[in-house]
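Visitor: This is the structure, below, for whatever I ask next.
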Amino acid sequence: AQSVTQLGSHVSVSEGALVLLRCNYSSSVPPYLFWYVQYPNQGLQLLLKYTSAATLVKGINGFEAEFKKSETSFHLTKPSAHMSDAAEYFCAVSSYNQGGKLIFGQGTELSVKP
Amino acid sequence: DTAVSQTPKYLVTQMGNDKSIKCEQNLGHDTMYWYKQDSKKFLKIMFSYNNKELIINETVPNRFSPKSPDKAHLNLHINSLELGDSAVYFCASSQGPGSETQYFGPGTRLLVL
């Protein structure tokens, strides 16, 4: 079985500060890992994904994440937060034998203070 | 053009009613999904179709019945609505059922009174 844990349901940073959203996963087979963003009253948009290629993955809007197998982690970072980054962020896991089924974490709400 | 669209956007109805939510994608994808997001924003997959065939059927009450008339459409019919069905329902699509990126629709906000 697969699972995802996002540490911190709410993270608050100042504009220009580092953004770090934590995600740990559990999977008995090599995982595919995803970060999605959800703006208020909208659907989800893919930020980035890891599918067994480079362990450091760059995504849209300046976000990146590093797959660390030894730590079973896939934390999301951005060097400098913008006000427009305020949203809900979801980490998700899947694998080759899941038929595309995404298992989502609980979500982390990111607030950005001016 | 909207890639994945859902209708209606909002749905308010009484307990016991039957309702449908429609989803269409114009991306030429083979795989479509239904997810439920509850009031705590937790997302859980309900169903998935690949080339009009059901490939994922999670533990969902049989009051929920998906139907895929063609690869571009995946509808969700709900019978005998209950209070606990109130949620946001998202449709998504992807090129295939593996590691492909899933593109989500804007969601249908269902409120059962």
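The values are calculated or read from the model by the stated rules, or taken from the named source; none is laboratory data. Remember, predicted model here, so these are calculated numbers, not experimental data. Cβ coordinates were reconstructed from backbone atoms using ideal geometry, including for glycine residues, and neighbour counts include every protein chain displayed. What goes into the accessible areas is simple: the full protein's heavy atoms, side chains included, and nothing from ligands, DNA or RNA. Shrake-Rupley method; radii C 1.70, N 1.55, O 1.52, S 1.80 Å.
Visitor: Do any residues in the stretch A:57-83 that are on the phi > 0 side of the Ramachandran plot have Cβ atoms under 6 Å from those of residues that are open to solvent by 40 Å² or more (accessible area, probe 1.4 Å), where the two are at least six apart or on different chains, and which pairs are they?
Guide: Between residues of the stretch A:57-83 that are on the phi > 0 side of the Ramachandran plot and residues that are open to solvent by 40 Å² or more (accessible area, probe 1.4 Å), the close pairs are A:THR72/A:ASN24.
Visitor: If only one of A:LEU47, A:LEU7 is within 14 Å of another protein chain (Cβ to nearest Cβ), in contact (Cβ under 8 Å) with a residue 12 or more places away in the chain and touching a strand residue (DSSP E or B) at 6+ places or on another chain (Cβ under 9 Å), which one is it?
Guide: A:LEU47
Visitor: On to the next question. Would you confirm whether or not the stretch A:87-109 contains a residue that is farther than 18 Å from B:LEU43 by Cβ and crowded, with 17+ Cβ neighbours inside 10 Å?
Guide: We begin by selecting, within the stretch A:87-109, every residue farther than 18 Å from B:LEU43 by Cβ; these are A:96-97.
Going one step further and asking which of them are crowded, with 17+ Cβ neighbours inside 10 Å, we end up with none.
Taking every residue of the stretch A:87-109 in turn, none turns out to be farther than 18 Å from B:LEU43 by Cβ and crowded, with 17+ Cβ neighbours inside 10 Å.
Visitor: Looking at A:TYR32, A:TYR25, A:TYR50, A:TYR39, which one is more than 13 Å from the chain's Cα centre (by Cα), aromatic (Phe, Trp, Tyr) and open to solvent by less than 80 Å² (accessible area, probe 1.4 Å)?
Guide: Exactly one residue qualifies, and that residue is A:TYR39.
Visitor: Let me ask something additional. Scan the stretch A:61-76 for residues that are within 18 Å of A:THR108 (Cα to Cα) and either among the aliphatic types (A, V, I, L, M) or exposed (fewer than 12 other Cβ atoms within 10 Å of the Cβ) (or both) and report the count.
Guide: 2
Visitor: Another question, if that's okay. Anything in the stretch A:21-30 that is over 18 Å from A:SER84 (Cβ atoms), of a type outside the set (Gly, Ala, Ser) and assigned to a strand (DSSP E or B)? List them, or say none. Let's see the steps before the verdict.
Guide: Kept after step one, since they are over 18 Å from A:SER84 (Cβ atoms), are these residues of the stretch A:21-30: A:22-30.
Among the residues that remain, those that are also of a type outside the set (Gly, Ala, Ser) are: A:22-25, A:29-30.
Scanning the stretch A:21-30 gives A:ARG22, A:CYS23, A:ASN24, A:TYR25.
Visitor: If I go through the stretch B:25-51 residue by residue, how many of them are among the hydrophobic types (A, V, I, L, M, F, W, C), crowded, with 18+ Cβ neighbours inside 10 Å and closer than 30 Å to A:HIS10 by Cβ?
Guide: 4
Visitor: Scanning the stretch B:52-75 for residues that are in a strand (DSSP E or B) and within 14 Å of another protein chain (Cβ to nearest Cβ), which turns out surrounded by the most Cβ atoms within 10 Å (Cβ to Cβ)?
Guide: Here the residue is B:LEU74.
Visitor: Residue by residue through the stretch A:93-114, note down the ones that are aromatic (Phe, Trp, Tyr) and outside any loop (DSSP other than H, G, I, E, B).
Guide: Within the stretch A:93-114, just A:PHE104 meets the criteria.
Visitor: Moving to a separate point now. Of all residues in the stretch A:31-44, how many are in a strand (DSSP E or B), within 11 Å of another protein chain (Cβ to nearest Cβ) and of a type in the set (Phe, Trp, Tyr)?
Guide: Qualifying residue count, the stretch A:31-44: 3.
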